[in-house]
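J.: Submitted below is the structure of interest, expressed as structure tokens.
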Amino acid sequence: MTPRALGLLREFRWPYRWLALWALMLATVIATSLLPARDLPPTPFSGFDKVEHFLAYAVLSAYAVMLFPRVRTQALVAAGLIALGVGLEFAQAALTDSRQADSADALANALGALAGLLIGPTPLADGLLRLEARRSARDSHHKAKKLP
């Protein structure tokens, strides 16, 4: 059975596109978390990396809210993101020679993951569905114009 058939995803026309984009976002966060410090751009001011951590995890969590309709699933994903953030901090210390685990980064990740959940009860939770509907309507309009 597909994730959509199981009721895990919202009723998307292109569910695997949206899941693939989320997976790409997750992979990007993981990769940048494990890059050597010298390969990262400098931050504009001290402590700005905490803002970057918060925003990255807030976006991942908010996107998950747009993917998954059930609050339980959204909460499990947020918990998974928090675990990922903590795990990546340990991985930085163990797998890189230029980075170290930072509990403040882990806290920023966790707060971001929780903040992303806040879009759940708002119209933003249907953002991907609305984007799909708009795109489908535009595609239908263009097809109708091409007919003789």
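J.: Looking only at region 33-91, filter to residues that are small (Gly, Ala, Ser) and over 17 Å from Trp22 (Cβ atoms); which one of those is surrounded by the fewest Cβ atoms within 10 Å (Cβ to Cβ)?
T.: Applying the filter and picking the extreme gives Ser46.
J.: Return the residues of region 74-123 that are in contact with a Lys or Arg (Cβ under 8 Å, 6 or more places away or on another chain) and among the acidic types (Asp, Glu); say none if nothing qualifies.
T.: Asp105
J.: Could you check, for region 6-19, whether at least one of its residues is surrounded by 13 or more Cβ atoms within 10 Å (Cβ to Cβ), within 12 Å of Ala113 (Cβ to Cβ) and either more than 12 Å from the chain's Cα centre (by Cα) or among the hydroxyl-bearing types (Ser, Thr, Tyr) (or both)?
T.: no
J.: Suppose we filter region 69-110 for residues that are among the charged types (D, E, K, R) and in contact with a Leu (Cβ under 9 Å, 6 or more places away or on another chain); how many remain?
T.: 3
J.: Are any of the residues in region 42-55 in a loop (DSSP other than H, G, I, E, B) and either touching a helix residue (DSSP H, G or I) at 6+ places or on another chain (Cβ under 7 Å) or in contact (Cβ under 8 Å) with a residue 12 or more places away in the chain (or both)?
T.: Filtering region 42-55 for residues in a loop (DSSP other than H, G, I, E, B) gives 42-47.
Among the residues that remain, those that are also either touching a helix residue (DSSP H, G or I) at 6+ places or on another chain (Cβ under 7 Å) or in contact (Cβ under 8 Å) with a residue 12 or more places away in the chain (or both) are: 43.
Within region 42-55, one or more residues are in a loop (DSSP other than H, G, I, E, B) and either touching a helix residue (DSSP H, G or I) at 6+ places or on another chain (Cβ under 7 Å) or in contact (Cβ under 8 Å) with a residue 12 or more places away in the chain (or both).
J.: Next question. If Ser98 meets every condition in (1) touching a Pro at 6+ places or on another chain (Cβ under 6 Å); (2) among the small types (Gly, Ala, Ser); (3) modelled with pLDDT of 95 or more apart from one, which number is that one?
T.: The single condition Ser98 does not satisfy is (3).
J.: Here's another thing I want to ask about it. Out of the residues in region 91-119 that are touching a residue at least 40 places away in the same chain (Cβ under 8 Å) and part of a loop (DSSP other than H, G, I, E, B), state the one that is nearest to Ala62 (Cα to Cα).
T.: Arg99
The values are calculated or read from the model by the stated rules, or taken from the named source; none is laboratory data. These numbers come from a predicted model, not from an experiment. Positions of Cβ are generated from backbone atoms using ideal geometry, with glycine treated the same way; all protein chains shown enter the neighbour counts.
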